[in-house]
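What follows is calculated from the coordinates using simple rules that are stated; it is not laboratory data. The shown structure was predicted, so the numbers you read here are calculated from the model rather than taken from an experiment. No Cβ is skipped: glycine too gets one built from the backbone with ideal geometry, and neighbour counts run over all protein chains shown.
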C-alpha cells in the first residue's frame, strides 16, 4: 500500500495547462470500506462527497491551498489537479491525516455534521 493511500499522484500527459500538471486521485468506487463508513455516518460516500469533505478540511486547515487546486466533479474517482509537486505534497499533508486509514476517517466523520454537507 502506498504511503499516500488512498490517494495517488500522477503527472498529466502534455499538452496540459499550467494549473493541471499533476492529478491527485482516489478510486472511490473501489474503496468499499470507505463508502460503507461514509454511509454509516449519514454521508454519501461518492466522489462528490469526497470533494465536499476534502474542501472543508482544506478550508479549515490550509485555506490558501484551495486557490491552487482544481477539483473534478462526477464519476467514481476523486480527482484534484495541482500545478506542481509542492502543492500536491501540501494537499497530502493537509488531507491524508483524515483519509489515510479507516480509523482516521471514522474519527473525522464522527465529528462532522451531515446537515452541513450536500453529498
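Residues of the stretch 1-29 falling in the label zone of residue 84, defined by backbone nitrogen less than 18 Å from a point 7 Å along Cα to beta-carbon, are 10-12, 16-24. The slack between residue 117 and residue 104, meaning 0.36 nm per residue of separation minus the straight C-alpha distance, is 2.8 nm. To the nearest ten degrees, helix 47-61 and the longest principal axis of the Cα atoms of the chain are 80 degrees apart. The gain in end-to-end length when the residue 61 to residue 39 segment is fully stretched comes to 5.5 nm, 0.36 nm per residue minus the alpha carbon separation.
Hey, what angle do you get for helix 85-99 against the long axis of the chain, alpha-carbon based, 0 to 90 degrees rounded to 10? Helix 85-99 sits at roughly 10 degrees to that axis. Packing here is the average count of other Cβ atoms within 10 Å per residue, and on that basis the peptides 4-15, 54-65, 72-83, highest first, run 72-83, 54-65, 4-15.
Its DSSP H runs of at least 4 residues, each contributing -39,500 (n - 2.57), put the calculated 222 nm mean residue ellipticity of the chain at -13000 deg cm²/dmol, to the nearest 500.
The angle between the Cα long axis of helix 102-111 and the longest principal axis of the Cα atoms of the chain comes to about 70 degrees, rounded to the nearest 10.
Distance from the Cα centre of the stretch 1-48 to that of the stretch 54-119, in angstrom? Taking the Cα centre of the stretch 54-119 as reference, the centre of the stretch 1-48 is 9 Å away.
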